[in-house]
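Q: Got a structure here, written out as structure tokens. Questions coming.
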Ligand SMILES: Nc1ncnc2c1ncn2[C@@H]1O[C@H](COP(=O)(O)OP(=O)(O)O)[C@@H](O)[C@H]1O
Ligand SMILES: [Mg+2]
């Protein structure tokens, strides 16, 4: 740059004035790339989602005969992606054109204005060529810039999509890692909670003593599973407090809290790996003998050994190669292996046939011995053995007591018993 000024400052001044104008033109041309990339990435995400859904739900799609509808939807989506892809390519061509033009502009000006100066005798031809040659070194990096500006906008569009996930606030926990000495395993006091502003619980209060088995019954959608999610700290109540082993949830280090809890969800998740690993993740470093013992207790051992590779059988994506009851028993074995103080069982025997239910029931009873258990149940056999039954309806505890007490009261429980529990039990 200094050398250019020494050769001819007027020519350099012209080039310097030109540069920001050209850069502005290039960056203006690059702007739409951001939105165009974002559209393309969103729509490719949608295509991938549909492929995944289509494969995972292929049996439903066939059974309901909705192949044509799904195909049309998929075709439209692919077309939309194609259109967005074309748009992006168009914008890229435009910046390529603009940046190319911007790149040769200084040379055209130099040949024109410089030629004029040479004719006037204010610069020699030799110096003019030296000037143009040197200009190359400044101009070349500048012409490469638009390419990077375009890439920058594309990367920003991709980052925007990831940012939505990165921006989700991290779980906030406390620092307590051991239970406070307490007779009460669990205490809900005035808890209000709702998903997305739709209130589910208002002023929910109950206590569970250590070692007690509490059955939770109620119609579906009443909020039973949500109570478990609150106890595990997946959600925070909007009002009121939840204490687990004498400590408020906010005090607990969440990892330590969850160490105290074994949760069997309604729809247990299995990883696409071996049965051994799926049970073993209940307790890291568990020996084969411990895994086997847990499987035996969950009445799963016999079906596992009848699999082609026994414990090393791969269960498939989300456990797709197993039946619902088999998955449930593996989930129970996993919880048994965890050997936690507080058991949360969400309809643990709902997918089992009568025979394996009986076996699992025995295993669960053994497991519940001396532990605090909350069990969401619709089988009378489970409910009858509980120390206490909480009847939940529309986000409230409407009744609480033993089977005999509630039966005699002839309220909601009695009605549930008449319509559902009796058949299921
Ligand atoms: N993650 C969620 N987001 C929004 N609403 C939810 C969510 N999970 C459950 N719900 C709603 O909360 C209510 C209670 O659900 P849940 O606790 O699963 O009921 P239950 O286990 O008693 O059948 C239902 O109306 C359900 O639609
Ligand atoms: Mg539920």
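Okay, residues lined up against (1) buried (at least 16 other Cβ atoms within 10 Å of the Cβ); (2) touching a helix residue (DSSP H, G or I) at 6+ places or on another chain (Cβ under 9 Å); (3) in a helix (DSSP H, G or I); (4) without any contact (Cβ under 8 Å) to a residue 40 or more places away in the chain:
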{"residue": "115", "(1), (2), (3), (4)": "no, yes, yes, yes"}
{"residue": "123", "(1), (2), (3), (4)": "yes, yes, no, no"}
{"residue": "126", "(1), (2), (3), (4)": "no, no, yes, yes"}
{"residue": "137", "(1), (2), (3), (4)": "no, no, yes, yes"}
{"residue": "160", "(1), (2), (3), (4)": "no, yes, yes, no"}
{"residue": "174", "(1), (2), (3), (4)": "no, yes, no, no"}
{"residue": "187", "(1), (2), (3), (4)": "yes, no, no, no"}
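Q: Within segment 205-230, count every residue that is within 16 Å of ligand 2 (Cβ to nearest atom), at pLDDT 90 or above and in contact with a helix residue (DSSP H, G or I) (Cβ under 9 Å, 6 or more places away or on another chain).
A: 3
Q: Additional query: For residue 235, state whether it is within 16 Å of ligand 2 (Cβ to nearest atom), in contact with a helix residue (DSSP H, G or I) (Cβ under 6 Å, 6 or more places away or on another chain) and either at pLDDT 90 or above or not assigned by TED's automatic domain parsing to the domain that holds residue 248 (or both).
A: yes
Q: Could you tell me which residue of segment 183-198 is farthest from residue 239 (Cα to Cα), considering only residues that are within 16 Å of ligand 1 (Cβ to nearest atom) and modelled with pLDDT of 90 or more?
A: 195
Let's see how each residue does on (1) outside any helix (DSSP H, G or I); (2) more than 16 Å from ligand 2 (Cβ to nearest atom); (3) out of contact with any strand residue (DSSP E or B) (no Cβ under 6 Å at 6 or more places or on another chain):
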site	(1), (2), (3)
304	no, yes, yes
344	yes, no, no
352	yes, yes, yes
367	no, yes, yes
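Q: Can you confirm whether residue 332 is touching a strand residue (DSSP E or B) at 6+ places or on another chain (Cβ under 9 Å) and outside any loop (DSSP other than H, G, I, E, B)?
A: Criteria met by residue 332.
Q: On the given criteria, is residue 258 under 19 Å from the mean Cα position of the chain (by Cα) and more than 16 Å from ligand 2 (Cβ to nearest atom)?
A: It is true that residue 258 is under 19 Å from the mean Cα position of the chain (by Cα) and more than 16 Å from ligand 2 (Cβ to nearest atom).
Q: Right, another one. State yes or no: is residue 81 assigned to a helix (DSSP H, G or I), touching a helix residue (DSSP H, G or I) at 6+ places or on another chain (Cβ under 6 Å) and under 30 Å from residue 133 (Cβ atoms)?
A: Considered against the rule, which asks whether it is assigned to a helix (DSSP H, G or I), touching a helix residue (DSSP H, G or I) at 6+ places or on another chain (Cβ under 6 Å) and under 30 Å from residue 133 (Cβ atoms), residue 81 comes out as no.
Q: Go through the residues of segment 42-63 one by one and say whether even a single one is within 23 Å of residue 139 (Cα to Cα) and either within 24 Å of the chain's Cα centre (by Cα) or in the same structural domain as residue 137 (by TED's automatic domain parsing) (or both).
A: no
To keep it simple, each residue is scored yes or no on (1) within 13 Å of ligand 1 (Cβ to nearest atom); (2) assigned to a helix (DSSP H, G or I); (3) free of Cβ contacts under 8 Å to residues at least 12 places away in the same chain.
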| residue | (1), (2), (3) |
| --- | --- |
| 219 | yes, no, no |
| 226 | yes, yes, no |
| 237 | no, no, no |
| 257 | no, yes, no |
| 262 | no, no, no |
| 266 | yes, no, no |
| 278 | no, yes, no |
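Q: May I pose another question? Take segment 1-27 and flag every residue that is free of Cβ contacts under 8 Å to residues at least 24 places away in the same chain and exposed (fewer than 14 other Cβ atoms within 10 Å of the Cβ).
A: 2, 5, 6, 9, 13, 17, 20, 21, 24
Q: Does residue 112 meet the test of being in the same structural domain as residue 149 (by TED's automatic domain parsing) and more than 29 Å from the chain's Cα centre (by Cα)?
A: yes
Q: Then there is this: Looking only at segment 170-182, decide whether some residue is within 16 Å of ligand 1 (Cβ to nearest atom) and assigned by TED's automatic domain parsing to the domain that holds residue 415.
A: no
Q: Right, something else. Can you pull out every residue in segment 371-406 that is in a helix (DSSP H, G or I), away from ligand 1 (no atom under 16 Å from the Cβ) and modelled with pLDDT under 85?
A: Selection gives 380, 381, 384.
Q: Could I ask something else about it? With the checklist (1) over 28 Å from residue 382 (Cβ atoms); (2) within 16 Å of ligand 2 (Cβ to nearest atom) in hand, flag the one item residue 192 doesn't pass.
A: Evaluating residue 192 over (1) over 28 Å from residue 382 (Cβ atoms); (2) within 16 Å of ligand 2 (Cβ to nearest atom) leaves (2) as the failure.
Q: Name every residue in segment 24-49 that is touching a helix residue (DSSP H, G or I) at 6+ places or on another chain (Cβ under 7 Å) and farther than 17 Å from residue 161 by Cβ, in order of residue number.
A: Once the filter is applied, which keeps residues that are touching a helix residue (DSSP H, G or I) at 6+ places or on another chain (Cβ under 7 Å) and farther than 17 Å from residue 161 by Cβ, segment 24-49 yields 25, 26, 27, 29, 30, 32.
The values are calculated or read from the model by the stated rules, or taken from the named source; none is laboratory data. Not measured: the values here are computed from a predicted model. Counting neighbours? That spans all protein chains shown, and the Cβs are built from the backbone with ideal geometry, glycine included.
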